[in-house]
Amino acid sequence: MRHYELVYIINPNLEAESLKEVVDKFSDIVSKSKGTVVEVNEWGKRKLAYEVKKFDKGYYVLLNFCGHPTVVKELERNLKLDDRVLKYLNIKLDEDSDPEELISKIKEKNVGKEGEGTEDSTEDEDISLEDNRDSEEE
């Protein structure tokens, strides 16, 4: 299966329920088209670089999925028809990838993030940066 990444921007004026409905709609389209949803990451409301359909803000969503080209066609057709979607961009990341392997990598990554965030790890990073600067000056 091919690995794709889709970023789409939703109307920021929608209520939380409507936002969730839009996100679920596109995840379901992937699943119904015999694709596999690897990850759905909601980035939230952000300012747009320029106005799109008279909006200066948008609700960003990242959808990683695996599937065949027919999944992408169906997904893009629905993105174009849905008025709540301001813009979208779909990118093919890999020609041949295993969805189960990608899902396990993301789970490992998320587990690693939960363990981070202590003050000790930040201090270690600062020390290593200083060490690199000393070696560059010599």
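Tabulated data
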item	result
Residue under evaluation Ser97, criteria (1) touching a residue at least 60 places away in the same chain (Cβ under 8 Å); (2) in a strand (DSSP E or B), criterion not met	(2)
Condition met for Glu42 (of a type in the set (Asp, Glu) and closer than 26 Å to Asp98 by Cβ)	yes
Where Tyr60 falls short, out of the listed (1) over 12 Å from Val85 (Cβ atoms); (2) surrounded by 12 or more Cβ atoms within 10 Å (Cβ to Cβ); (3) touching a residue at least 12 places away in the same chain (Cβ under 8 Å); (4) not hydrophobic (A, V, I, L, M, F, W, C)	(1)
So Arg84, is it without any contact (Cβ under 8 Å) to a residue 60 or more places away in the chain and either farther than 25 Å from Leu102 by Cα or in contact with a strand residue (DSSP E or B) (Cβ under 9 Å, 6 or more places away or on another chain) (or both)	no
Number of the exception - Val37 against (1) over 17 Å from Lys20 (Cβ atoms); (2) of a type outside the set (Phe, Trp, Tyr); (3) out of contact with any Asp or Glu (no Cβ under 7 Å at 6 or more places or on another chain)	(1)
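Yes or no, residue by residue, for (1) of a type in the set (Val, Ile, Thr); (2) modelled with pLDDT under 90; (3) in contact with an Asp or Glu (Cβ under 8 Å, 6 or more places away or on another chain):
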site: Arg77; (1), (2), (3): no, no, no
site: Leu86; (1), (2), (3): no, no, no
site: Asn90; (1), (2), (3): no, no, yes
site: Asp98; (1), (2), (3): no, yes, no
site: Glu101; (1), (2), (3): no, yes, no
site: Lys105; (1), (2), (3): no, yes, no
site: Gly115; (1), (2), (3): no, yes, no
site: Thr122; (1), (2), (3): yes, yes, no
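The values are calculated or read from the model by the stated rules, or taken from the named source; none is laboratory data. From a predicted model like this one, the values you see are computed outputs, not experimental measurements. Using ideal geometry, Cβ is built from the backbone for each residue, glycine included, and neighbour counts are taken over all protein chains shown.
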